[in-house]
Amino acid sequence: MALAAALAGLPEGAEMDLRTSCAPVLALPGRIAAAEAGQAAPLDDLDLWAQAATALRRVRLVTHLAEPAPGGPTAFAAAWADLARDRAKDKGAFSAVIPKSNLAKAGV
C-alpha cells in the first residue's frame, strides 16, 4: 500500500530508486511481472497487488538492497514500518506520514 501511494504522485515514465532491507519488497517488481505473464499469481490482498501493478506500469522502479546501519535512514524507515505494521494489526489499515522532524533526526 505504501509503495503504491509513493509511486502515485510521480509523473508518467518517472524512475524511482527504492532502497530497502525487505526481501519481499525487493522482489515485488519481478513478482508483479510474473503474475502479469500468468505465472505465480498472488492469492491474497488482490486489491493491493492491483494498485502496485498499476503504479509500476506508470513508473520504472529500481530496487536496491540496503543494509540498515544503526541510527541511519534505512534503520529508521524499518523501525517506522515495524511500528506501522503493529499498529495496523491492532487497529486496521491507516495512513501516517513520517513527521519532518523525525526525518531530520534520521538524516533523511
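The values are calculated or read from the model by the stated rules, or taken from the named source; none is laboratory data. Bear in mind the structure is a predicted one, so any value in this text is a computation, not a measurement. No Cβ is skipped: glycine too gets one built from the backbone with ideal geometry, and neighbour counts run over all protein chains shown.
Do you know which residues across the stretch 53-92 are of a type in the set (G, A, S) and modelled with pLDDT of 85 or more? Within the stretch 53-92, A53, A55 qualify.
Residue count for the stretch 15-54 satisfying the condition of being farther than 25 Å from P68 by Cβ and touching a residue at least 40 places away in the same chain (Cβ under 8 Å): 2.
Of all residues in the stretch 36-48, none are in contact with a strand residue (DSSP E or B) (Cβ under 7 Å, 6 or more places away or on another chain) and not assigned by TED's automatic domain parsing to the domain that holds A81. Taken as a whole, the condition of being among the hydroxyl-bearing types (S, T, Y), in contact (Cβ under 8 Å) with a residue 24 or more places away in the chain and not assigned by TED's automatic domain parsing to the domain that holds L3 applies to T74.
Looking across A55, A50, A40, one residue alone is small (G, A, S) and farther than 26 Å from D82 by Cβ. It is A40.
Restricted to helices (runs of 4 or more DSSP H) entirely inside the chain, those with at least 2 residues that are loosely packed, with under 10 Cβ neighbours inside 10 Å and of a type in the set (G, A, S) are 100-106.
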